[in-house]
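The values are calculated or read from the model by the stated rules, or taken from the named source; none is laboratory data. These figures come from a predicted structure and were not determined experimentally. Neighbour counts are summed over all protein chains in view; Cβ atoms, including those assigned to glycine, are modelled from backbone coordinates with ideal geometry.
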Amino acid sequence: MLYEEHQWLPPKWVLPILAVPVIFIWYAFIVQVVFDKPFGTNPAPDWALTLFWLIFGLTMPALLMSGMATDVDVMKIRIRYFPLIGSLSIAGRSISHSEIEKVEECEYNPVKEYCGWGIKTSRKQKGHSAYTVSGDSGVKLHLKNGQVILVGSQRSKELAKIISERISQLEARNAQLI
């Protein structure tokens, strides 16, 4: 592996703050639904507590553990989104180095250019798409087919350098074969 980067959806400092309501909803659910003891002086119905537990007790922890991984090896760049520790990939893309024409480190406006973070297509430029989770820096990959793919990165200089070096190595090798 030439490069690896994992970016988390919520910043790490937010996790303890968001953990409080998750722990509270789990506690309320276990007390009232599992042990059949009313939780509080004016308890919610079991169905409502179960609904809140499904939304906040299960979904929020999955979102809190989600993020994006960017890997570069000798053959390709791989971008994956994962909802769980262990990188169970739910979406992403692989791009062969041979598909890339040009690499460009950049800063961008995620809201203005792509309507926010995530897997997005540009509102203004046809054929432009982005894979991001936070921040405003990344690497634009100009593909030989005309597409431009932005890969968000907290280490964009390093990512651009590694991809550029790999493309140069492939071009040099291909020139020797001719």
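Some values worked out for this structure:
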item	result
Qualifying positions in region 123-142 - under 16 Å from Ile79 (Cα atoms) and basic (Lys, Arg)	Lys140
Yes/no for Ile79 being in contact with a Leu (Cβ under 8 Å, 6 or more places away or on another chain), under 17 Å from Glu4 (Cα atoms) and not charged (D, E, K, R)	no
Cβ-Cβ under 9 Å pairs, at least 6 apart or on other chains, region 1-25 side on the phi < 0 side of the Ramachandran plot and without any contact (Cβ under 8 Å) to a residue 60 or more places away in the chain, far side surrounded by 14 or more Cβ atoms within 10 Å (Cβ to Cβ) and assigned to a strand (DSSP E or B)	Pro10/Gly67; Leu15/Trp8
Tally, over region 118-154, of residues that are under 14 Å from Thr70 (Cβ atoms) and either among the aliphatic types (A, V, I, L, M) or touching a helix residue (DSSP H, G or I) at 6+ places or on another chain (Cβ under 7 Å) (or both)	12
Single residue of Ser98, Ser156, Ser129 found to be in contact (Cβ under 8 Å) with a residue 12 or more places away in the chain and in contact with a Cys (Cβ under 9 Å, 6 or more places away or on another chain)	Ser156
Lone unmet requirement of (1) aromatic (Phe, Trp, Tyr); (2) closer than 29 Å to Arg80 by Cβ; (3) more than 17 Å from the chain's Cα centre (by Cα) for Tyr27	(2)
Number of the exception - Val72 against (1) more than 25 Å from Tyr3 (Cβ to Cβ); (2) at pLDDT 95 or above; (3) among the aliphatic types (A, V, I, L, M)	(1)
